[in-house]
Amino acid sequence: MAACQEESPTTLDADLLPKEPITIEIELPWEDFASDLEVFGGYGAPWELGTGVVANAFAGILDARTLVRFAAYPSVHQVRDTTGTTRPDSSLTFVGGRVVAFLDTIASITSGPVTLGLGAIQTRWDKRTVTWVAAVDTLNDLTPWPQPGAGPVNSIGTTVWDPAEGDSAWFELDSVQVEAWADTADASRGARIELLTENTRLQVSRVVLRLDTRPSSNPDTLVVLSVQRDEISFVYDPFPEPPANGIRIGGVPAWRTVLNVKIPTHLDGPAELCVAVGGCPMELEPLQLNYAAITLKSARGEQAFQPTDSVGLDVRQVLRRDALPKAPLGESLTGLLGQRVGPDAFGVHAGTDIEIPITAFVRNLLRDQDGVANPTKTLALLSVFEPISIAYASFHGPGDENGPVLRLIVTVGRAMELP
Amino acid sequence: MKQFVQSLVLALVISLVTTPSSAQSLFNAAGMGLPVEAIDGRARALGNLGIGLWGSGLLPGDPAAAGMFIAPTAVIVGQPSWVDYDHESGNSGSIQGNRFPLLGVGYPAFSGMFTVSLSSFLDQHYKSQRSSQLHLRGEESEVTDFFEQDGSIGSLNLGYSRPLGTSAALGFNFGRYTGSVLRRLERDFGTVSLPEILESYQTSSRWTYSGTSLTGGMAVNLGGVARVAASVTWSGDLNATASDENQGMDRSFSMPMQYRLGTSIVLAPGLMITASAVQADWADIEGDLDTPTTVGSTSNIGVGVELSRASLFGLAVPIRFGYRTGKLPFSLGSSVATERILSAGLGLSFSEVEDIVLGGADLAIERGRRSDSVLREEFWRATISLRVSGY
């Protein structure tokens, strides 16, 4: 029945509405909303990235080398024999091969062709704990590299990679080296890729071993078989020192910045607000808060660790600050992708304001203050995925005009009365 | 006792199947709202204002009428309407809604009739919106304020009436104003350019209405050809009490005395005419309103004719026509709003014993117009009332 549909009368006569609420933006300096800033590092390890980094005196300081261990060689392959019949051949002879490194042309920083070197690692190493100085750093087993930087190695060769010509560089292998890497029980097995051109940093996205194979069923033919890498990691030096008074997010191992947040329960300004509500201080209620965001000013960090891709910033509540650096964290306040920040914000556009919305968190904080004056909670600023890159994001810390601020948008309505 | 329990059960069932009244006019936004008369389909069809009609009735404005027919009686009234409006601002459109302006039960006792009724009084439901510019982050952004007032004022009436001799009756109703109103404002920030969508701002206030009214009336049958009835309603202040969490203040509104007079005259067998008038001076409430509102004195009159000998499939199907005109107490513009209505309708008798209708329905269709200096509404309104007696 049509009459059962309700359509409320809606008038556009503004006189029939209560007095217009006022919406204002308030900026709280660091001292008014936060305290106890601390930067923690060490979350995650390079091997978790699944990619490698090579650098040579990049920005004057950074050296990085990528370590790769390949999977077991194929033991059987479908081969067409001399009669034209395709059948499995389990008697394969590997007569040579090449290591192919695929490089991320966007994430890499180079001004032209570069020279890369490949060597065979001689020392037992552990992908989870390997560092510039330690080949193994597990419980009760600390084995340093004989030479810092995953050395020494048996040099296999060098190659020149020109980013203008493609995204891959390869090193030829002879049958002796191929045979040396066939023993999967050998813990020292592996290849080290290094960069010989100075002031360059490359990101190695993938490394493949391609084997020139002579099948027994058709010895006149060479078949190329691919062997994926089994393990990849990278080592670098120097390890960045924690910032004295800045905010650092990201990197590998990842950095987190922790701060205590205390939202004022009463507002003492601005004058426009005080006039509207008939005097200050005004109690700030959760539903009056439309928006809250921590605003950080991006800074140019160490040149060697400059981001080359967007950084996803995340904010989570630290559930137990006294348990840091291993304190449990709450759910993300920024969503799945976090607050994306382009790499230029840490380079040519350093000083950009980066807003990280935390409206729901602040509203809850205001709600929780029932019976508790100015409750304090701890937030962690971190990257969405940890670790995500050797590069990290830097922001100005508190203490000057570039320090973090809390931006609030607040709407306050006049008391609603009957006509 | 058994019949009394049946009456209570019937009242309960009826109250469960009804829904709250809802908006049917933009004049709901004026002052304290639009009056909703608690009258049934027969009175609507006859242009009657709820007093002085021949036959039984459970009309709060005619408390003596119940004393003319001593039998258990229940009535429920439903009222859908379709409204086209045209505001001087250029805003025009259509609205529709339903309401249940009257629910009543009567039960004979102590040589008279006790009545309980729940009736509508003022409808206050409407919505409004406004757009404005907001200066944020150095940019002008459009925000929209949505306002809704949801509520109405009703009256719970307890009455008693009894016959005086064979041709007169006296009755009264003791009424308690009921109902509440919720005023809710929401500011929507739309697509203001920030890293995150702004949470809308919402605030609301609720008031609960209370107050007392007393209606006394008398009806007299003059021979077998005419009935004359009159009633007066006195009201104390209508109090609006803000709920505890409100910012709003408690308020009080002066209610007017209401005077009603009506008559029905049988001109010939099967032909009856009726006339009625209601007068109420709302001037005292003007001082209680914070928002400047045009307040008027309501003087309504209505006339109608009933052809009661019409029949359909052997059942009596009285045919009715009516006209009424009057003023509304509150206006949106500077002039007092007026209302004019043409009506027609018929009655259906489902069960009838010795000319006494035990179960029946009355249907009215109205075509009317309300207008003031800024708003004009034209509407169709149907009224359907169901009545059972002697159960």
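The values are calculated or read from the model by the stated rules, or taken from the named source; none is laboratory data. Since the model is a prediction, treat every value here as computed from it, not as a measurement. Neighbour counts are summed over all protein chains in view; Cβ atoms, including those assigned to glycine, are modelled from backbone coordinates with ideal geometry. The accessibility values were calculated without ligands, DNA or RNA, using every heavy atom of the protein model including side chains. Shrake-Rupley method; radii C 1.70, N 1.55, O 1.52, S 1.80 Å.
A compact table of results
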item	result
Isotropically averaged projected area of the protein assembly as shown, using the convex hull of Cα atoms (one quarter of hull area), nm²	53.7
Region B:174-274: GluC sites (Glu not before Pro) falling in loop per DSSP and having at most 10 other Cβ within 10 Å	B:Glu245
Cβ charges +1 (Lys, Arg) and -1 (Asp, Glu), total dipole of the protein assembly as shown, debye	2860
Low-density loop cleavage sites - GluC sites (Glu not before Pro) in region B:339-391, where at most 16 other Cβ are within 10 Å (DSSP)	B:Glu354
10 Å binning of all Cα-Cα separations within chain A, expressed as whole percents from 0 upward	4, 18, 21, 18, 14, 10, 7, 5, 2, 0, 0
FRET efficiency, 1/(1 + (r/R0)^6) with R0 41 Å, evaluated for A:Arg124 and A:Val95 via beta carbons	0.90
Additional length obtainable on full extension of the chain from B:Asp284 to B:Asp86, 0.36 nm per residue less Cα span	68.3 nm
Contact order relative to length of region B:210-326, as percent, for alpha carbon pairs under 8 angstrom and 6 or more apart	18
Cβ neighbours within 10 Å from other chains - mean over A:19-31	3
Neighbouring partner chain Cβ atoms per residue of B:157-168, average, 10 Å criterion	0
GNM top mover of B:Ala280, B:Ala38, B:Ala74 - chain B, alpha-carbon springs below 10 Å	B:Ala280
Fluctuation leader among A:Gly151, A:Gly246, A:Gly84 - chain A, Gaussian network, Cα springs under 10 angstrom	A:Gly84
Simple label model, 7 Å out from Cα along Cβ direction - A:Thr158 to B:Arg369, nm	9.9
Most mobile of B:Asp150, B:Asp284, B:Asp188 in a GNM of chain B (Cα contacts under 10 Å)	B:Asp188
Cut-off 13 Å (backbone N to label point 7 Å along Cα→Cβ of B:Ala71), residues of region B:101-115	B:108
Neighbour count of at most 12 Cβ within 10 Å plus DSSP loop: longest trypsin sites (Lys or Arg not before Pro)-free window in chain A	A:20-319
Rg ratio (alpha-carbon, reference 2.2 N^0.38 Å) - region A:266-419	1.24
If the convex hull is drawn through the Cα atoms of region B:229-290, its volume per residue in Å³	116
Cβ-derived FRET efficiency at R0 56 Å, B:Glu139 paired with A:Ala185, nearest 0.05	0.25
Under 30 Å from the Cα of A:Lys262 - lysines, other chains or at least 8 residues apart	A:Lys297, A:Lys326, A:Lys377
Relative counts (whole %) of C-alpha pair distances in region A:62-237, using bins that are 5 Å wide	2, 8, 16, 18, 17, 14, 10, 7, 4, 2, 1, 0
Descending semi-axes in whole angstrom, ellipsoid equivalent of region B:2-389, from the Cα gyration tensor	41, 22, 20
Label-to-label distance, nm, for residues given as A:Ile61 and A:Thr85 (7 Å Cα→Cβ offset)	6.7
Chain A, relative contact order in percent, only Cα pairs under 8 angstrom and at least six apart counted	25
Charge dipole magnitude, Cβ of K and R +1, D and E -1 - region B:310-374, Cα centre, debye nearest 20	520
Of all accessible heavy-atom area on the protein assembly as shown, the percent that carbon and sulfur account for (1.4 Å)	54
Region A:25-47 residues near the modelled A:Val133 label - backbone nitrogen below 16 Å, point 7 Å along Cα→Cβ	none
Where GluC sites (Glu not before Pro) in DSSP loops with at most 13 other Cβ within 10 Å are excluded, longest remaining stretch of chain A	A:199-400
Per-pair calculated FRET efficiency, R0 = 56 Å: A:Cys274 and A:Thr115 via Cβ, rounded to 0.05	0.25
Distance from region A:289-320 to region A:400-419 (C-alpha centre basis), Å	24
Over region B:154-255: Kirkwood hydrodynamic radius from C-alpha pairwise inverse distances, Å	17.7
